[in-house]
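A short write-up of the structure that comes next.
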Amino acid sequence: MERIAIFASGTGSNAKKIIEYFKAHPNIEVRLVVANKPDAPVLAMAKQQGVKTLLLDRPGFYQSEGALEALAEAQITFIVLAGFLWLVPPYLVNAYPNRIVNIHPALLPKFGGKGMYGMHVHRAVKETGETNTGITIHLVNEAYDEGDTLFQVRCPVTAADTPEQIAAKVRQLEHVHFAPVIEKYINALNS
Ligand code: GAR
């Protein structure tokens, strides 16, 4: 049995898709939603879905191994970052080797790194005149957006597209692909 914790800081639209996707799954369960802001809408969504939540505070997350205890208590075996913007500390990367994945709303290595998240990414894509963009699902290591890529898919960007329209196209790709890619990766890990 794989028990997933989803780390998210914002709306949680991807977290919701993942929770729904694994609801009746025989060997993968979303056990916990972890957020770093008390008012993050993802927390209310998780409660509505009947998933336990954990609120992180920065000192606890970085100055001690505080998060590990809560993850162990929930018997978490796999971590999914879905719009989580804090850098994952080394103790957590080491505790879950090859078992933390992130989604990035662009085609890495382009438009990645610190500060490149959400609309910042889509505005940069627009400003540089890219003719396509997409999503990257990748393993997490100790640097932002640098772990091995598991999956990418692209979509066209037209000259008329606004950053908001680019965001909507990318969001749609995320919602279609993220959960199945997680499922496929976990099944491969266990085979
Ligand atoms: C997603 O588009 C995700 O790719 C992005 O945050 C959004 C979260 O949306 N992540 C990053 O930019 C990480 N650098 P959601 O809260 O609706 O799932």
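Values quoted throughout were computed directly from the atomic coordinates according to the rules given, and no laboratory measurement underlies them. Treat the numbers as computed from the prediction; the structure is a model and nothing was measured. For neighbour counting, all protein chains shown are included, and Cβ atoms are generated from backbone atoms with ideal geometry for every residue, glycine included.
A few points about this structure:
- A helix-only calculation puts the chain at -11500 deg cm²/dmol for mean residue ellipticity at 222 nm, using -39500 (n - 2.57) for each DSSP H run of at least four residues, averaged over all residues.
- D by Stokes-Einstein for the chain, Kirkwood Rh over Cα pairs, 20 °C, 1.002 mPa s: 127 µm²/s.
- Pairs of lysine residues in segment 1-139 - Cα separation under 21 Å, sequence separation of 8 or more or cross-chain: 13
- Surrounding net charge for ALA5, when Lys and Arg each add one and Asp and Glu each subtract one, Cβ distance under 14 Å: 0
- Highest-fluctuation residue, GLU69, GLU20, GLU146 considered, GNM on the chain with Cα pairs under 10 Å: GLU69
- Relative contact order of segment 93-179, defined on C-alpha pairs under 8 angstrom at six or more residues apart (%): 32 percent
- Of THR128, THR158, THR53, the one that fluctuates the most in a GNM where the chain has Cα springs shorter than 10 Å: THR128
- Segment 1-120, relative contact order in percent, only Cα pairs under 8 angstrom and at least six apart counted: 28 percent
- Neighbour counting of Cβ atoms within 10 Å sorts the residues HIS175, HIS138, HIS120, fewest neighbours leading, into HIS120, HIS175, HIS138.
- Of all the options GLN172, GLN63, GLN49, the one that moves most in a Gaussian network model of the chain with Cα springs shorter than 10 angstrom is GLN63.
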